[in-house]
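**Q** I have a structure I would like to understand better, so I am pasting it below and will then ask my questions one at a time.
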Amino acid sequence: AQGQLHGVEALVRWNHPQQGLIPPGAFIAEAEASGLIVPLGNWVLLEAATALRRWQTESGHATWAQPLTMAVNVSPRQFREPDFVDRVCATLEQLGLNALSLELELTESVVADDLEATLAKMQLLRQYGVRFALDDFGTGYSSLAYLKRLPLHRLKIDKSFIQDVPGDVEDEAIVLATLSMAHALGLDVVAEGVELGTQRDFLADQGC
């Protein structure tokens, strides 16, 4: 809100030799179906954590990089792997990275798949210091009751609700209701897809 860099998100791209950079929407679903999402997700986690640690230790970057949060998306299949918690903890220990610097982004489909198992893993990692964000909030089918049970730090409002604010009365109402509920639950809120100054001003005025 003060124009300072607060956090970054790791977004994977496939650098194809003929087609150039291919966005995740074109290949993540296939990776998920084939099981390749697990090694891909593990690689992304390691690369993202390594990049943040490098920024924080290089003299030219340390000042601005030290307080940064690195957000990494976690797929449902990756999250369900039996060694997921151990892998995350081992990555942090290997790099000497403060666990508070890592934010794992889960979608509502991860939560809805098996709430108790999800909750157990999240609590283990939360005790370690890792933070969690619920991604694409408002587009899934999970119960609002999940918000009371899950050890979340942040909600991310899906960009579909952001692109027409200010101006669209219904989208404004959804955004304001989400902000009010999240703040009452002690959660931070990030809006996805902010591209205009008017959007930024509207959201900042509401404490987003």
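The values are calculated or read from the model by the stated rules, or taken from the named source; none is laboratory data. Remember, it's a predicted structure, so these values are computed and weren't measured experimentally. Here the Cβ positions follow ideal geometry from the backbone for every residue, glycine too, while neighbour counts run over all protein chains shown. When the accessible area is computed, the model is the full protein with side chains, heavy atoms only, and any ligands, DNA or RNA have been set aside. Shrake-Rupley method; radii C 1.70, N 1.55, O 1.52, S 1.80 Å.
**Q** Taking the condition closer than 20 Å to ASN73 by Cβ, of a type in the set (A, V, I, L, M, F, W, C), surrounded by fewer than 20 Cβ atoms within 10 Å (Cβ to Cβ) and in contact (Cβ under 8 Å) with a residue 24 or more places away in the chain, does LEU187 pass?
**A** On the way: closer than 20 Å to ASN73 by Cβ: yes; of a type in the set (A, V, I, L, M, F, W, C): yes; surrounded by fewer than 20 Cβ atoms within 10 Å (Cβ to Cβ): yes; in contact (Cβ under 8 Å) with a residue 24 or more places away in the chain: yes.
Judged against the criteria, LEU187 is a match.
**Q** Something else about it: Kindly list the number of the only condition in (1) surrounded by 12 or more Cβ atoms within 10 Å (Cβ to Cβ); (2) polar (S, T, N, Q); (3) assigned to a loop (DSSP other than H, G, I, E, B) that fails for GLN4.
**A** (1)
**Q** Let me ask another. Could you figure out which of (1) surrounded by 15 or more Cβ atoms within 10 Å (Cβ to Cβ); (2) β-branched (Val, Ile, Thr); (3) more than 26 Å from PHE137 (Cα to Cα) isn't true of THR63?
**A** Checking THR63 against (1) surrounded by 15 or more Cβ atoms within 10 Å (Cβ to Cβ); (2) β-branched (Val, Ile, Thr); (3) more than 26 Å from PHE137 (Cα to Cα), the one that fails is (1).
**Q** If the requirement is being touching a residue at least 40 places away in the same chain (Cβ under 8 Å) and open to solvent by less than 50 Å² (accessible area, probe 1.4 Å), which of these qualifies: LEU115, LEU125? Quick ask: steps written out before the conclusion?
**A** Numbers: LEU115 fails: touching a residue at least 40 places away in the same chain (Cβ under 8 Å).
None of the others qualify; the one that does is LEU125.
**Q** Also, I was wondering about something else. Assess whether ASP164 counts as being more than 22 Å from GLY3 (Cβ to Cβ), among the acidic types (Asp, Glu) and surrounded by 20 or more Cβ atoms within 10 Å (Cβ to Cβ). Spell out how you get there, then give the answer.
**A** On the way: more than 22 Å from GLY3 (Cβ to Cβ): yes; among the acidic types (Asp, Glu): yes; surrounded by 20 or more Cβ atoms within 10 Å (Cβ to Cβ): no.
Criteria not met by ASP164.
**Q** Take the residues in the range 190-208 that are of a type in the set (D, E, K, R) and within 22 Å of ASN73 (Cβ to Cβ), then tell me which one is nearest to the chain's Cα centre (by Cα).
**A** Only one residue tops the list, namely GLU192.
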